[in-house]
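K.L.:
Below is a structure I'd like to ask you about.
The values are calculated or read from the model by the stated rules, or taken from the named source; none is laboratory data. Here the structure is a predicted model, which is why all the values come from computation and not from measurement. Quick reminder, even Gly has a Cβ in these numbers, built from the backbone with ideal geometry, and neighbours come from all protein chains shown.
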Amino acid sequence: MFPDWTWVVGFWIGAAIGSFLNVVIYRLPRGLSIYKPKHSFCPSCNRQLTGKELIPLLSWVFQKGRCHCGKNQIGARYFVVEVITGILFATIWYQQLVLSPAGFNSPLNIIYAAGYMLFAAALVAAIFTDLAHYIIPDQINAFMLVVGLGMNVAMIALGLPGAWLWGIPSSIAGALVGVGVLWGIAFLGRILFKKDAMGHGDIKMARGIGAVLLPIGAGMSFALAVALGAIIGGIQVYMFRNKKAAEEETEEEVYVPESIGSLLRCGVGYVGCIDVVGLAVPSIYEKWFGENPYSIEEFEEEPEVELTMIPFGPYLAAGALAVVLFAPQLYGLLDQYIKYLGIE
């Protein structure tokens with residue numbers, strides 16, 4: 001078990017990871033490699049950043065949110081991502097390695113600490129990418145799935161409890177539940193309302209969430225996402241309802257929902273992880289989904305969307321983070337609810 005003060009170590013590790021996440025958030029939607037160029041650069045003037053400009057949190061503060069050349073503003077998002085990631089890592093570190101009686105001496109706590117930190121980092125990247133561009137790169141969703149599978153492999157290797165569920169690895173069971181729930185919503189929405197009810201990036205994210213949090217944890221995260229989306233989304237729709245009505249009077253678009261055949265084919269592809277394999281072998285991705293996984297043809301620097309358009313990805317990610325951070329409390333509430341219903 002680590003001393004109480006070591007959460008600070010977790011915070012600064014998280015802040016450093018947050019610095020890398022800013023690279024991911026900027027480059028992936030634009031089709032840029034996160035490895036080349038290997039040095040970070042200012043997105044405004046393309047100047048390579050120096051070491052003193054890459055210190056997590058401190059560089060942004062001391063430079064007053066500006067590039068070292070003094071002319072270009074560096075968005076507050078860079079600082080916010082580092083702070084949020086630092087807080088998440090510090091909290092997970094404290095819960096798994098400090099508060100737990102076994103702490104660092106327990107293999108399960110080490111697996112949870114490492115896995116949840118990596119998972120949280122991916123969720124942060126997904127949130128800020130989706131908010132900015134209304135897309136969730138496949139690489140981020142694939143990374144979540146790999147984290148969940150990796151945690152499960154470690155648990156199986158060490159013979160730890162919870163490694164198996166329904167006769168299959170628990171992470172696979174969770175991934176199948178994640179895909180099934182959100183793909184099911186998309187399918188029912190298409191059948192009943194003849195509309196696209198769920199984005200494909202959200203479905204793939206749900207698969208990764210299920211792999212890490214397992215079926216029950218994933219279910220709770222989805223419920224929290226729906227509740228959060230209903231509250232915040234309702235406020236957003238109410239605030240901009242008049243402007244939306246004015247836009248509808250002047251603009252008319254022909255809406256063509258995704259075909260049922262395409263939705264079915266994609267669902268099978270997500271269950272079989274063809275999209276994940278396709279990241280390494282793009283020809284497989286293109287053959288199954290009909291597009292290149294690294295294509296940026298639809299990318300827009302500042303996408304024009306309706307003010308009431310609500311990306312569901314950030315709510316999914318927020319629900320998953322809530323389960324990671326407040327699992328004991330949420331599982332306790334679930335147990336009480338089950339007892340209230342009289343279900344054994």
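K.L.:
Can you tell me which residues in the stretch 88-128 are touching a residue at least 60 places away in the same chain (Cβ under 8 Å), farther than 25 Å from residue 210 by Cβ, part of a helix (DSSP H, G or I) and out of contact with any helix residue (DSSP H, G or I) (no Cβ under 7 Å at 6 or more places or on another chain)?
P.N.:
Residue satisfying the conditions is 105 alone.
K.L.:
Please state which one of 165, 182, 160, 108 is of a type in the set (A, V, I, L, M, F, W, C) and closer than 23 Å to residue 278 by Cβ.
P.N.:
182
K.L.:
Would you be able to tell me the number of residues in the stretch 187-201 that are in contact (Cβ under 8 Å) with a residue 12 or more places away in the chain and either closer than 14 Å to residue 122 by Cβ or surrounded by fewer than 16 Cβ atoms within 10 Å (Cβ to Cβ) (or both)?
P.N.:
Number of matching residues: 5.
K.L.:
Can you run down the residue pairs with Cβ atoms below 9 Å, 6 or more apart or on separate chains, where the first is in the stretch 256-284 and farther than 14 Å from residue 206 by Cβ and the partner is surrounded by fewer than 16 Cβ atoms within 10 Å (Cβ to Cβ) and among the acidic types (Asp, Glu)?
P.N.:
Here the result reads 257/196; 258/196; 263/196; 278/286, each pair linking the stretch 256-284 to a residue that is surrounded by fewer than 16 Cβ atoms within 10 Å (Cβ to Cβ) and among the acidic types (Asp, Glu).
K.L.:
Where residues in the stretch 1-33 are free of Cβ contacts under 8 Å to residues at least 12 places away in the same chain and exposed (fewer than 13 other Cβ atoms within 10 Å of the Cβ), which of them is farthest from residue 292 (Cα to Cα)?
P.N.:
Checked the stretch 1-33; the qualifying residue farthest from residue 292 (Cα to Cα) is 5.
K.L.:
Quick check on the stretch 154-171. Is at least one of its residues under 19 Å from the mean Cα position of the chain (by Cα) and in contact (Cβ under 8 Å) with a residue 12 or more places away in the chain? First the steps, then the outcome.
P.N.:
Taking the stretch 154-171 as the starting set, the residues that turn out to be under 19 Å from the mean Cα position of the chain (by Cα) are 171.
Keeping just the survivors that are in contact (Cβ under 8 Å) with a residue 12 or more places away in the chain gives 171.
Within the stretch 154-171 (the criterion being under 19 Å from the mean Cα position of the chain (by Cα) and in contact (Cβ under 8 Å) with a residue 12 or more places away in the chain), the answer is yes, since at least one residue qualifies.
K.L.:
Taking the stretch 147-171 on its own, how many of its residues are out of contact with any helix residue (DSSP H, G or I) (no Cβ under 7 Å at 6 or more places or on another chain) and farther than 23 Å from residue 109 by Cβ?
P.N.:
2
K.L.:
Restricting to the stretch 292-344, and then to whatever is surrounded by 11 or more Cβ atoms within 10 Å (Cβ to Cβ), modelled with pLDDT of 75 or more and among the hydroxyl-bearing types (Ser, Thr, Tyr), can you tell me which residue is farthest from residue 134 (Cα to Cα)?
P.N.:
331
K.L.:
Only one residue in 131, 145 is surrounded by fewer than 24 Cβ atoms within 10 Å (Cβ to Cβ) and either outside any helix (DSSP H, G or I) or aliphatic (A, V, I, L, M) (or both), so which one is that?
P.N.:
131
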